[in-house]
Structure formats: structure tokens, C-alpha cells
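Notes to accompany the following structure.
The values are calculated or read from the model by the stated rules, or taken from the named source; none is laboratory data. For clarity, every value in this text was computed on a predicted model and none was experimentally measured. Note that we place each Cβ from the backbone using ideal geometry, even for glycine, and neighbour counts take in every protein chain shown.
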Amino acid sequence: MPKASFIFLFLICILWTNTIHAETNCAEQVAIPQTECDALIVLYENNNGLQWNDRKDSLWNESDDPCGWLGVECAEEHVIEINRANQNLVGTIPLQLVSLTHLQVLSLANNHLTGRIPENLSNLKELKTLHLHNNRLTGVIPSVLGNLENLQFLSLYRNKLSGGIPITLGNLRNLVGLYLYDNPLTGEIPPELGKIENLLYLHLYKNQLTGKIPSELSNLSKLLGLWLHENTLTGQIPTSFGQLTALNILSLRKNQLTGTIPNTLGQLTQLVELRLDHNYLRGEIPTSLADLKKLTRGVLDLGHNYLETSDENLLAYLTLVNPGWIETQSPIDSIPEEITDDKEIYQLPTLSFWKIWLFILGIMLLAKYAFKSTQMSTKS
């Protein structure tokens, strides 16, 4: 091969290599502030950027225009959105993301992220969407996330988050969707969640939540879906749930709920799905459930409780909507002693105790009076 041809090919290889592996110079690019560019580079380098699923076409850390990188959106020379969902990210969430002060959307969902949710994300005051679901995040949900007053969607489901649900989330008055399901979250459902007046979707299922369902959730007048199933919730279904007239889906299945089904649930005429199965609900099924006409084309499940009905019209309705429900019911007297209504656990035994005590006291007083009477008769 002639020497000139060899040199030419060598130069072509060098140019090609430099083009492929060129790195972004954040100090020289002019699309966004350098601090924002640096934060994007940290995300790329610390979170497996070379192995991202769209690496070949993403332009991350190649071009000097970060606003042209896949998953990055800018407005007025600032980064307002990062979407790196489903991209094979690993490692922890970089603290440097706090430099993106104009960020409105952060989606790092469906990856392999580990570690804790950084508390400094609460400084991203413009944030409207935070999607971190389906990762391997651990630790507690930072209470300071309640400072994100513009947040509309908070999605942390399918992680390994522990501890309780922060009461500060009740400060997120603009929140539309709260998705915390499928974590090992513990404790009670904070009544403060009833203050999120714009909430449409509340997903708290598949956790380890305990205690009673707070009646304050009835204040969520715009709520379309309430999913609390597969926890260890106790007590009765709040009668005030009848106020949730916009509700399409109510799922309370697989808990330890007791008492009767509130008659007020018949007011939820927009329901297309009502799941109350696998609890300890007992007694007569309210005839008002027959008013839930949309369930004839949806889902009703009352199975595996201690329910009954003597109303022929309701029985016909249930046979149509929830066939086979009656075969799964158990006799009321077979409810385990430790699973019963609070009134039965505390008030009735207490009442019986005082009746017995008053009876004994009365006998003692009568005996004392009779003894004194006998002594006086003897002296006479």
C-alpha cells in the first residue's frame, strides 16, 4: 500500500474516533447554564450512560447542545424536563440534580436505581412530575417532598421504600396522582391526605399499612380511584365514603375490615368497580347497592366475607353482577374472636363487667343492711 494512502486512512480513523467519543464541554456550550450542563453529565457518567438503551442515538455527552439530547427538554435556556425512564440506569440518584432549578419533570422510572431518594429534590420548586417508580430505592419517603407545592404527580411505587407515609404529603394541594403501592410501607394512612383537594388517584395498595381507614379521605371530592387493597387495615368502612360521588373505583379487598357495608355506598353511582372481598364484613348487604347500575358492566366482588341478604331484588342483582358470591360467605358466628368490631371488643365486655360489679355491690349492701337489722332486733 502506498505511504500516502496509509497516512490518509490513519487520519480518517483518528477523525472518526474523535467524532464518536467526543465529550461535551459544559464550559463552552451556550444552550443552558454550565451548572445545569454539569448536572446532566453527572447523571450520564454516574448512572451507566454508556449502557443506556438509546445510547447510540441519544447524543448525551457528545454534542454541545444538551437541549438536543434525547429525553432532555429546555425552555428559555433552562432544562425543564429529564426523561430517562426505561434506559437501564444503575447507581444512585445524583445530588447534583438540585442544580436544575427550573426542572418541571423528572422521570427516572423503570430502571435499576438504588439508595435513598435525595432530600434535596425538595428544592426543585418548579417540579410538577416526579416519577421514580419501579426501581430498587430504599429508605423512607423524605418528608420534605411535601414542600413541592407545584407537584401534580408523585410516583414511587414498586420500590423497597420503608417507614410510614409522611403526613407532609397532605401539603401537596395540587397533587392529582399519588402512587405509593407495592412497597413495604408501614403505619397508618395519614388523615392529612384528605387535604389534597385536587387528588384524582390514590394508590396505596400492596403495602403493610395498618389501623383504620381515615374518614378524612371522604373530603377528596374529586377522587376517581381509591386503591387500599392488600394491606392490614382494620375497623369499619367509613360511612362518609358516600360523599365520594365522583368515584369510579373503590378497592378495599384483602384487608381485615369489619362491621357492615355502609348503606351510603349506594350513593356512589359512578362506580364501575367495587371490591370488598376477603375481609370480615358481616350482616345484611344494603339494598342500596342495587342502585349501582354501572357495576352491571363492571366489577363487583363481595366474596369471602360473612354477608347475607333476604331481599329478593338485591339477590337477583348480586347474582347477575357477582355470581357465586353467596357460596363464599361464612357464618357470622365463625368470625375469629380477635377479628371483630371495636364496639364488640371493648364496649360490650366493659358493659357486662359493670353490670356484674353493680349486682355484686347491691348484694353486699343488702347483706350489710340485713345484718344491721338483725342486730337491732336482737338488742330490742
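Where helices (runs of 4 or more DSSP H) fall entirely within the stretch 1-92, those with at least 2 residues that are among the acidic types (Asp, Glu) and at pLDDT 95 or above are at 34-46. Remark: VAL140 matches the filter, which requires a residue to be modelled with pLDDT of 95 or more and within 16 Å of PRO118 (Cα to Cα). Listed conditions (1) without any contact (Cβ under 8 Å) to a residue 40 or more places away in the chain; (2) closer than 19 Å to SER107 by Cα are all met by SER155, apart from (1).
Picking from THR168, THR210, THR186, which residue would you name as being buried (at least 17 other Cβ atoms within 10 Å of the Cβ), assigned by TED's automatic domain parsing to the domain that holds ASN231 and at pLDDT 95 or above? None of the other options fit; the residue is THR168. Among the residues of the stretch 273-287, some residue qualifies, meaning at least one is closer than 26 Å to GLU312 by Cα, among the polar types (S, T, N, Q), at pLDDT 95 or above and over 18 Å from the mean Cα position of the chain (by Cα).
Taken over the stretch 99-144, the criterion of being under 19 Å from GLU81 (Cβ atoms), in a helix (DSSP H, G or I) and aliphatic (A, V, I, L, M) is satisfied by LEU121 alone.
This table checks each residue for (1) surrounded by 16 or more Cβ atoms within 10 Å (Cβ to Cβ); (2) touching a Phe, Trp or Tyr at 6+ places or on another chain (Cβ under 8 Å); (3) not polar (S, T, N, Q).
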residue: LEU97; (1), (2), (3): yes, no, yes
residue: LEU106; (1), (2), (3): yes, no, yes
residue: ALA109; (1), (2), (3): yes, no, yes
residue: ASN135; (1), (2), (3): yes, no, no
residue: PRO142; (1), (2), (3): yes, no, yes
residue: LEU151; (1), (2), (3): yes, no, yes
residue: SER155; (1), (2), (3): yes, yes, no
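Being within 26 Å of GLY177 (Cβ to Cβ) and in the same structural domain as LEU180 (by TED's automatic domain parsing) holds for only one residue in LEU302, LEU307, LEU281, LEU274, and it is LEU274. Of all the residues in the stretch 268-298, those that are in contact with a Ser or Thr (Cβ under 6 Å, 6 or more places away or on another chain) and crowded, with 17+ Cβ neighbours inside 10 Å number 3. Among strands (runs of 3 or more DSSP E) entirely within the stretch 180-255, having at least 1 residues that are more than 19 Å from LEU300 (Cβ to Cβ), touching a helix residue (DSSP H, G or I) at 6+ places or on another chain (Cβ under 8 Å) and among the small types (Gly, Ala, Ser) singles out no element at all. Within the set GLY235, GLY303, the sole residue that is touching a residue at least 12 places away in the same chain (Cβ under 8 Å) and in contact with a Ser or Thr (Cβ under 6 Å, 6 or more places away or on another chain) turns out to be GLY303.
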